[in-house]
Amino acid sequence: MIRKVLQNRLLNINEDLKRSFPANFMIEKKDLLDIAFTELAISRVADLGCVWGVDCAYGLYVLDKYQPAHIVMVDTHWTETAIEACKSNRKIRILQKSFGSPEVPGELGSVDTIILFDVLLHQVAPDWDRVLQMYAPYTKSFIIFNPQYIGSETSVRLLDLGYEKYFENVPHDIRHPAYKSLFSKMWEIHPEHGRIWRDVHHVWQWGITDHDLFDTMEQIGFVLTYFKNHGRFGNLKNFENHTFIFSKR
């Protein structure tokens, strides 16, 4: 019943904005964006890790609904669908790079907000907390949706849990193409990314606790202005979907 209601809301959004958003467009993320763009003065936006699975749908949503002056879409692997949706809009700048690369925050420039949806738990070398530190001088706020770890009081590198525990804590099994060689080749160089398999961002890397996220944000000068717990992530007992808005002091 709840999923039916959410699907109907998506159909209404498609009709209102005259754009078709993908079936896995999450209403919870859309609602978080609505809160942020209603409460904050946002003209310049960066959507980091925006392509995978949604083809920039959330950045395109805020562009249609709230008409910011400029939005930078950043990801490593761009699909034809995402490029086609973005290339003709002069308000959009496409950046085909890993947003963990040290030069990217400077290339991004100053923005009013940074959108981070389901990406922090993938970030290693630099780790998720270092990524936030890198971008802190360039933004006034962060809009975050992330599966958060509730299996311990402190954050864990999931690969350090070992083979069995790792696959108990990720929503994929060993047959998934991105995961089937992960443990057998962990210390070998990935041919596509030029780094060891252990440090490839395409797989789940972290269980991040709210406590550690709050502590990191406090250290870099941001305060929590909105939070909501959306409940368990799929069938993973140690993860819940949490939404956050952090604003610079």
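Here, each number is a calculation from the coordinates, and none is a lab measurement. Since this is a predicted model, take the numbers as computed values, not measurements. Here Cβ is always computed from backbone atoms with ideal geometry, including for glycine, and neighbour counts include all displayed protein chains.
Normalised by the number of residues in segment 104-222, the mean separation of alpha-carbon contacts (under 8 Å, six or more apart) gives a relative contact order of 33 percent.
A cut-off of 5 Å between modelled amide H atoms, ignoring neighbours fewer than 5 places along the same chain, links V51 with C56. The longest part of the chain holding none of the exposed loop GluC sites (Glu not before Pro), meaning those outside H, G, I, E and B in DSSP with at most 16 other Cβ atoms within 10 Å, is 1-102.
The phi torsions of segment 147-153, fed into the Karplus equation with coefficients 6.51, -1.76 and 1.60 and a -60° offset, translate into couplings of x, 9, 8, 10, x, 7, 7 Hz, rounded to whole numbers, with Gly and Pro shown as x.
Between amide H atoms placed 1.01 Å from N, distances below 5 Å from H230 occur with N241, H242, T243, all of them 5 or more places distant or on a separate chain. Y138 sits among other residues whose Cβ lies under 13 Å from its own Cβ, and their net charge, with Lys and Arg +1 and Asp and Glu -1, is 0. Amide hydrogen proximity for Q123: with H placed 1.01 Å from N in the peptide plane, the residues at 5 or more positions away or on another chain lying under 5 Å are W128. For the chain, the relative contact order is 17 percent, taking Cα pairs closer than 8 Å that sit 6 or more residues apart in sequence and dividing their mean separation by the residue count. Of the peptides 119-126, 58-65, the ranking by mean beta-carbon count within 10 Å, highest at the top, reads 58-65, 119-126. With 0.36 nm allotted per residue and the present C-alpha distance subtracted, the H176-R130 stretch has 13.7 nm of extension available.
In a reduced charge model with +1 at each Lys and Arg Cβ and -1 at each Asp and Glu Cβ, the chain shows a dipole moment near 520 debye about its Cα centre. What the phi angles of segment 174-191 give under the Karplus curve with 6.51, -1.76 and 1.60, with θ = phi - 60°, is a coupling list of 4, 7, 4, x, 6, 10, 5, 9, 4, 7, 6, 10, 3, 9, 8, 6, 6, x Hz, glycine and proline written as x.
Residues H190, H201, arranged from fewest to most other Cβ atoms within 10 angstrom of their Cβ, appear as H190, H201.
Note on the chain: along the principal axes its Cα atoms extend 47, 45, 36 Å, ordered by decreasing extent. Near D129, once Lys and Arg are set to +1 and Asp and Glu to -1 for all other residues with Cβ below 11 Å from its Cβ, the sum equals -2. In plain terms, the residue of T113, T243 with the fewest other Cβ atoms within 10 Å comes first and the most crowded comes last, giving T243, T113. Derived scalar couplings between HN and Hα for segment 65-79 equal 7, 10, 6, x, 6, 7, 9, 9, 9, 10, 6, 7, 10, 9, 8 Hz in order, rounded to whole Hz, by the Karplus curve 6.51 cos²θ - 1.76 cosθ + 1.60 (θ = phi - 60°), x for Gly and Pro.
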